[in-house]
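Enquirer: For reference, the structure I am asking about is given below.
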Amino acid sequence: MAFALKSGERIAPGLQRVVSRELRKAMDDAERLDPVHAAFALRKRIKKLRSILRLLRDELGADYDRHTKRLRKTAHVFATIRDADAAVATMDAIHARYPDVVSDDRCEAVKKALLARKRGVDTRADAGATLHRALNDLQDWSKTFAKDVRHAARRRTLRSGMVRVYRTTRKALEAAEASGDDRAFHRWRRRTKDHWYHLRLIERLNSAARRRAKEVRRLETWLGNAHNLVLFKALLLEDPSRFGDERATAVILGCAEKFQKSLRRRALREGHALFDAKPSRFSRSARGWIRG
C-alpha cells in the first residue's frame, strides 16, 4: 500500500514521496529482477505516475504535456514485450475457462508457438539494454518531476482532478457501450485504471474510498482481461497457420470471442453500478474523502 498518502500527511510532500518512491523502486527492480520482468514493473510504475499527472493536470499547465510525453515514450518501448507475455497468459485463461472445448494438446500447441514468438520479441527488443537506457533517462529527469508534482499538489487540486477523471471515465463507459468498439473499450479501461489509482492514493484517508477502490479494481481487471483477448485474437489472425490447423485455430478464436463478450457484459453491469452517480454527486463524496 505504498502508493498511498498517509493519514495526517500533507498533500504536497506526500505526493512527492509517492512519486519519488515509484521512481526509486523502478531502479531497485532493475537490480533484483531479470530485464523482461523489470520492464513489466517499470511499465506499471509509469502508469501510476501518469495517473498522478492526470490528477494534477490543471495545476501543472505546460509541465503536464512535457512530463506525459516523456513517460509515454518510455512505456511505449516495452509494449511489444508486454503484449507477447500477456498472450501466453491469455491462452492459459481460455483453456481454464473452456477445458472441454480447448484440449490440453491444442492449448500446448498454441502456447509453444506463442513462447517461440515471445523469445523472438525479447531478443529483438534487447530488453536489458533498452531498460538501462530508459532508467538512465528517468533518473536524469526524476528530481524535476517530483518537484513539479509537489509544487502542483493541493487538496483542491486532488479533489477537482478526481472529479474530472471520474467524469471522463463515465463518458468513456457510455461511448464503449454505444459503439462496442475495441478502441472505445480500451479507452474506458485506461480511464478506469486512472480512477482506481486515484482511489488507491487516498484509501488510507477514508474507508469508503478504500471500499470503492476494491470494486473499481475488479472492474479494471475484467476490462484488462477483455483487452488481452482482443490482442490475442489479432495475434492469431496475423498468421493462423503458425498456431495449428485451421479447425483448431477457429475453435480457439471462437472461445476467445465468447470469453471477451462475457467479460464486457460483466464489466458494463458493474460499470453502470459504479458510475451511476452524476459527477456533482461524486464531487461531494470526494470532498468527504479529502478533507481540508
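The values are calculated or read from the model by the stated rules, or taken from the named source; none is laboratory data. Note that the coordinates shown come from a computational prediction; the quantities given were computed from them, not determined experimentally. A quick note on method: Cβ atoms are made from the backbone with ideal geometry, for glycine too, and the neighbour counts reach across all protein chains shown. In case anyone asks, the SASA skips ligands and DNA or RNA and just uses the protein heavy atoms, side chains included. Shrake-Rupley method; radii C 1.70, N 1.55, O 1.52, S 1.80 Å.
Enquirer: Sort out which residues of the stretch 1-35 are among the hydrophobic types (A, V, I, L, M, F, W, C) and crowded, with 16+ Cβ neighbours inside 10 Å, and write them in order of number. So that I can check it myself, show each step before the final result.
Expert: First, the residues of the stretch 1-35 that are among the hydrophobic types (A, V, I, L, M, F, W, C): 1-5, 11-12, 15, 18-19, 23, 26-27, 30, 33.
If the condition is that a residue be among the hydrophobic types (A, V, I, L, M, F, W, C) and crowded, with 16+ Cβ neighbours inside 10 Å, then Phe3, Ala4, Leu5, Ile11, Ala12, Leu15, Val18, Val19, Leu23, Ala26, Ala30 are the ones that fit.
Enquirer: Which number in (1) part of a helix (DSSP H, G or I); (2) at pLDDT 75 or above marks the one condition that Val101 misses?
Expert: (1)
Enquirer: Residue check, Phe259 against (1) touching a residue at least 60 places away in the same chain (Cβ under 8 Å); (2) more than 25 Å from Ser207 (Cα to Cα); (3) open to solvent by less than 20 Å² (accessible area, probe 1.4 Å); (4) not aliphatic (A, V, I, L, M), all met but one. Which one?
Expert: Every listed condition holds for Phe259 apart from (3).
Enquirer: Please go through the stretch 198-255 and pick out each residue that is among the charged types (D, E, K, R) and either within 30 Å of Ile11 (Cβ to Cβ) or touching a residue at least 60 places away in the same chain (Cβ under 8 Å) (or both). Steps first, please.
Expert: Applying the first criterion (among the charged types (D, E, K, R)) to the stretch 198-255 yields 200, 203-204, 210-212, 214-215, 217-218, 220, 233, 238-239, 242, 245-247.
Of everything in the stretch 198-255, those that are among the charged types (D, E, K, R) and either within 30 Å of Ile11 (Cβ to Cβ) or touching a residue at least 60 places away in the same chain (Cβ under 8 Å) (or both) turn out to be Arg200, Glu203, Arg204, Arg210, Arg211, Arg212, Lys214, Glu215, Arg217, Arg218, Glu220, Arg242.
Enquirer: Follow-up question, since we're still on this one. Is it the case, given these coordinates, that Ala116 is part of a helix (DSSP H, G or I), of a type in the set (Gly, Ala, Ser) and open to solvent by 70 Å² or more (accessible area, probe 1.4 Å)?
Expert: Details: part of a helix (DSSP H, G or I): yes; of a type in the set (Gly, Ala, Ser): yes; open to solvent by 70 Å² or more (accessible area, probe 1.4 Å): no.
When the stated conditions are applied, Ala116 does not pass them.
Residue by residue, here is whether (1) surrounded by fewer than 19 Cβ atoms within 10 Å (Cβ to Cβ); (2) of a type in the set (Gly, Ala, Ser) holds:
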{"position": "Lys47", "(1), (2)": "yes, no"}
{"position": "Arg50", "(1), (2)": "no, no"}
{"position": "Leu53", "(1), (2)": "no, no"}
{"position": "Leu56", "(1), (2)": "no, no"}
{"position": "Leu60", "(1), (2)": "no, no"}
{"position": "Asp65", "(1), (2)": "yes, no"}
{"position": "Ala75", "(1), (2)": "no, yes"}
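Enquirer: So Asp92 passes all but one of these: (1) open to solvent by less than 40 Å² (accessible area, probe 1.4 Å); (2) in contact with a Lys or Arg (Cβ under 8 Å, 6 or more places away or on another chain); (3) in a helix (DSSP H, G or I). Which condition number does it fail?
Expert: That leaves (1) as the condition not met.
Enquirer: Another question, then. Tally up the residues in the stretch 262-292 that are among the charged types (D, E, K, R), exposed (fewer than 13 other Cβ atoms within 10 Å of the Cβ) and under 22 Å from Leu173 (Cβ atoms), please. Write out each step before concluding.
Expert: Let us first name the residues in the stretch 262-292 that are among the charged types (D, E, K, R), namely 264-266, 269-270, 276, 278, 281, 284, 287, 291.
Next, only the ones that are exposed (fewer than 13 other Cβ atoms within 10 Å of the Cβ) stay: 265, 269, 276, 278, 281, 284, 291.
Then drop every residue that is not under 22 Å from Leu173 (Cβ atoms), which leaves 265, 269, 276, 278, 281, 284.
Adding up the residues that qualify gives 6.
Enquirer: Where residues in the stretch 178-231 are more than 15 Å from Ala4 (Cα to Cα) and among the aromatic types (Phe, Trp, Tyr), which of them is least open to solvent (accessible area, probe 1.4 Å)?
Expert: Trp188
Enquirer: Further question on the same structure: If I filter the stretch 56-63 for residues that are closer than 19 Å to Asn206 by Cβ and modelled with pLDDT of 95 or more, do I get at least one hit?
Expert: No, the stretch 56-63 contains no residue that is closer than 19 Å to Asn206 by Cβ and modelled with pLDDT of 95 or more.
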